[in-house]
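Undergrad: If you scroll down you'll find the structure; I have some questions about it.
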Amino acid sequence: MHYIATLEHSPDNCWGREENQETALELIPQLDQRAEEHGVELHGAYGTPNEHKFYFIMEADSFEAVTGFLGPPILEDHDGHIAPVLTLQESIDVVVEE
């Protein structure tokens with residue numbers, strides 16, 4: 001199943017701040033390895049620095065795999081919304097009877 005995560009942090013908790021940069025410098029280069037360790041296929045990881053948000057597009061067999069991947073320190077520093085998503089065709093197949 002595919003998942004989209006939207007994670008938002010406060011300006012005070014921003015990884016771009018000098019006192020928080022170590023987390024970003026350690027974590028960002030290891031995202032692919034971290035995803036693999038948790039059984040997550042990371043399709044994309046994006047950020048909007050001016051809005052203090054991260055977006056992840058992932059594929060995993062379970063929600064637990066996704067939350068493991070996004071676990072400490074990511075979800076500790078962010079408010080998150082994680083949603084399982086379907087393709088548009090899959091959505092139609094679910095809601096339209098033939």
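The values are calculated or read from the model by the stated rules, or taken from the named source; none is laboratory data. Not measured: the values here are computed from a predicted model. Ideal geometry is used to build each Cβ from the backbone, glycine not excepted, and the neighbour counts take in all protein chains shown. These area figures cover heavy atoms from the full protein model, side chains too; ligands, DNA and RNA do not enter into them. Shrake-Rupley method; radii C 1.70, N 1.55, O 1.52, S 1.80 Å.
Undergrad: What is the residue count in region 8-34 for residues that are part of a helix (DSSP H, G or I) and in contact with an Asp or Glu (Cβ under 6 Å, 6 or more places away or on another chain)?
TA: 1
Undergrad: Taking the condition open to solvent by less than 80 Å² (accessible area, probe 1.4 Å), modelled with pLDDT under 95 and among the hydrophobic types (A, V, I, L, M, F, W, C), does L27 pass?
TA: The answer is yes for L27.
Undergrad: Would you be able to tell me the number of residues in region 45-67 that are in contact with a strand residue (DSSP E or B) (Cβ under 8 Å, 6 or more places away or on another chain) and more than 20 Å from C14 (Cα to Cα)?
TA: Qualifying residue count for the region: 8.
Undergrad: Quick one: how many residues across region 35-83 are of a type outside the set (S, T, N, Q), surrounded by 12 or more Cβ atoms within 10 Å (Cβ to Cβ), in a loop (DSSP other than H, G, I, E, B) and modelled with pLDDT of 95 or more?
TA: Matching residues across region 35-83 total 4.
Undergrad: Does at least one position in region 1-21 carry a residue that is in contact with a Lys or Arg (Cβ under 9 Å, 6 or more places away or on another chain), open to solvent by 60 Å² or more (accessible area, probe 1.4 Å) and either acidic (D, E) or closer than 30 Å to S91 by Cβ (or both)?
TA: yes
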